[in-house]
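Each reported figure results from applying straightforward, stated rules to the coordinates on display, with no laboratory input. Predicted, not measured: the structure shown is a model, and the values here were computed from it. Glycine gets a Cβ as well: all are built from the backbone with ideal geometry, and neighbour counts include every protein chain shown.
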2 protein chains.
Amino acid sequence: MQYYARPEVSLDLSRVNEAIEAAFAAFARGETEMPPKVYVTLPGGDFRTMPAYIPALGLAGVKIVNVHPGNPGRGLETVMALIVLLDPPTGTPYAILNGTTLTDLRTGAAGAVAARHLCRRQDGVEIGLVGAGRQAETQLEATAAWLGIERVRVWSRREATAEAFARRFSRFEIAATSLELTADCDLLVTTTPSREPLVQDAWIADGTHINAIGADAAGKQELDPAILLRASVYVDDPRQAVHSGEINVPIASGLYSVDRVAGTIGDVILGRAGRRSDDEVTVFDSTGLAVQDLAIAGVAIAAGSPAVELEFL
Amino acid sequence: MQYYARPEVSLDLSRVNEAIEAAFAAFARGETEMPPKVYVTLPGGDFRTMPAYIPALGLAGVKIVNVHPGNPGRGLETVMALIVLLDPPTGTPYAILNGTTLTDLRTGAAGAVAARHLCRRQDGVEIGLVGAGRQAETQLEATAAWLGIERVRVWSRREATAEAFARRFSRFEIAATSLELTADCDLLVTTTPSREPLVQDAWIADGTHINAIGADAAGKQELDPAILLRASVYVDDPRQAVHSGEINVPIASGLYSVDRVAGTIGDVILGRAGRRSDDEVTVFDSTGLAVQDLAIAGVAIAAGSPAVELEFL
């Protein structure tokens, strides 16, 4: 059994995007096993257990991931994760991976996959980033691996955070700006932990694609529900999106209904659904699937990431 | 983060029994979080993800365990497991344990706890073992850590297996014998993977306590359903027992109903239920709980089992 402390060091982001795309497609074809995430509440947070099996990739296993919002005050990450892989024909555990950075990267890749299939242009793309934390970075980098980026605008609740982000990504034409100006773009990516809508419908031009990444638990939302009513909304998994995705609050309050969802991102990849015109507003509501974690773990191992051998059998 | 390849080496079986008893009691008091096991089907078997949190013991984590019946033909264990522990206040993973032998031992301890509370005598006990594999060994050893054993009879489908078992445990007064003679005892322990009843009601004397260990998945059963109808039946968790315990087949066929269950083993430990006379037949239907896995992992770490340090943060 191998332990990978830094499985991300050898990763090629384009290869990760491909693997996440393949995982979404396999899920949409009904060719994966993936029970819903199981939540256990802890003091100050929770942890989630995410088992899955992707026969086409020969990958089976579990991600174990916590969310403790108070951790940064203790010098710890809010979200930390381990991924355990089992050999499907025998059930033997053969790899344990530090999944903390992999979780960020596979979420970034989900945004890139959605942008490839739903953004109205693939080159000369104007991106708006609402939120300037670690997830904004991985979304930008994963998307830049596949799309041609013309301009980046970034907003954060704390202006200094947005400005620091802009300095870190000065290889792009980038500026920290207002929320309203940030929302005026081809591809809007929201990555905040907000519990109130930040992005107003009036700011969203026709034809915008929005990757709504931040909402990953009950009570979280970043978008004015009017955007969801106006847009074609795609989700990763309706079972999860209903209780923890961007649509969860509007559903709970009766403003939105799961019947309105236009399909899954896997359906879009398979050509069963997708953008119908350059004027349509589209939304991808990402909650994060166990099959994404298995897929990126498989890429990390295939890339020859360094590992230590652990005695098991 | 520590990895424990052989966490069982320093274990004291009496201390394990105490920890399992405490875990059952905490579960019965409603002081644990334990979602039902999640099953994922693989080619040739399955794996189960078992998360839990026991606030009183400060233990949170997950067991990941496979069941691949064809593994012995490949020189592998049928059941292999890992246990991951997280620090409850921060969610940080701090220990990964090889859970294969711990799984055997915590199941043995469950039998010992049930025998302490339900067997009509605690000394001079006559034990019958139906099945002579590894689980028969751990049941006998865990029970002998708490009860005085006067005589052991053992039966296996293959006589040579039972005879080899008797030789390995020659420190007891022990004999390999017929199924019917084995069933004539104070404490009957069934540990086979049978899918047909092996133990007939007519063979069970009044006052017998039965630890029904073998049935742990849909379709498995070891006892004549008439025994269940005659006995007071205790389970570890009704939610699991209904679909995977000894009672699952009689419930599916309409011969038994979950309403007849007399309580949980935790209820018995807390004095809310239990043996009412020396003539009563009692059954403990064990399916295995995630809280048992956390409890034994906690004991193994506290016992100072050897570990290797893994880079994580």
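Take the eigenvalues of the Cα gyration tensor for the stretch B:15-69, scale each by 5, and report the square roots as semi-axes in whole Å, largest first.
The three semi-axes for the stretch B:15-69 are 26, 12, 9 Å.
Between the label point of B:V9 and that of the same position in each other copy, find the distances and list them shortest first in nm, with every label point placed 7 Å from Cα along the Cα-to-C-beta direction.
Going from nearest to farthest copy, the values are 2.9 nm.
Cα extents of chain A along the three principal axes, largest first, in whole Å?
60, 41, 41
Translational diffusion coefficient, Stokes-Einstein: compute it for the stretch A:1-116 using the Kirkwood radius over C-alpha pairs as Rh, at 4 °C and 1.567 mPa s, and state it as an integer in µm² s⁻¹.
84 µm²/s
Quick check: convex hull of the Cα atoms in the stretch A:59-98, volume per residue, rounded to a whole Å³?
Cα-based convex hull of the stretch A:59-98, divided per residue, equals 53 Å³.
Restricting to Cα atoms and excluding each atom paired with itself, what does the Kirkwood estimate give for the protein assembly as shown in Å?
26.2 Å
Mean separation of Cα pairs under 8 Å and 6+ residues apart, divided by the residue count of the stretch A:18-173: what relative contact order is that in percent?
Rounded, it is 14 percent for the stretch A:18-173.
Gain in length, A:A252 to A:A160, computed as 0.36 nm per residue apart minus the alpha-carbon separation, to one decimal in nm?
29.6 nm
On a 0 to 90 degree scale, rounded to 10, what angle separates helix A:100-118 from the longest Cα axis of chain A?
50 degrees
Between copies, how close do the B:R158 label points come, placed 7 Å along Cα→Cβ, listed in nm from shortest?
6.7
Which entries in the list B:K37/B:K63; A:K37/B:K37; A:K220/B:K37 go over 20 Å, if you measure between the two C-alpha atoms of each?
A:K220/B:K37, as the Cα separations exceed 20 Å there.
Could you give, in nm with one decimal, how far B:E180 is from each other copy of that position, shortest first, with labels 7 Å out from Cα toward Cβ?
Sorted ascending, the copy-to-copy spacings read 9.2 nm.
What is the angle, in °, between the Cα long axis of helix A:134-144 and the longest principal axis of the Cα atoms in chain A? Nearest 10 is fine, range 0 to 90.
Approximately 80 degrees, to the nearest 10.
In chain B, which longest range has no trypsin sites (Lys or Arg not before Pro) that are both DSSP loop (not H, G, I, E or B) and surrounded by at most 16 other Cβ atoms within 10 Å?
B:30-120
Quote the charge dipole size of the protein assembly as shown about the Cα centre in Debye, to the nearest 20; the model charges only the Cβ of Lys and Arg (+1) and of Asp and Glu (-1).
220 debye
Relative contact order, percent, of the stretch B:234-313 when contacts are C-alpha pairs under 8 Å separated by at least 6 residues?
Relative contact order for the stretch B:234-313 comes out at 38 percent.
Roughly what angle does helix B:159-168 make with the longest principal axis of chain B, taking Cα atoms, 0 to 90 degrees, to the nearest 10?
Computed tilt is about 60 degrees.
Average partner chain C-beta neighbours within 10 Å, per residue of A:76-87?
4
Kindly work out what percent of the DSSP beta bridges joining two residues of the protein assembly as shown are antiparallel, to the nearest 5.
In the protein assembly as shown, DSSP labels about 50 percent of beta bridges as antiparallel.
Using +1 on the beta carbon of Lys and Arg, -1 on that of Asp and Glu, and nothing else charged, what's the dipole of chain A about the Cα centre, debye to 20?
340 debye
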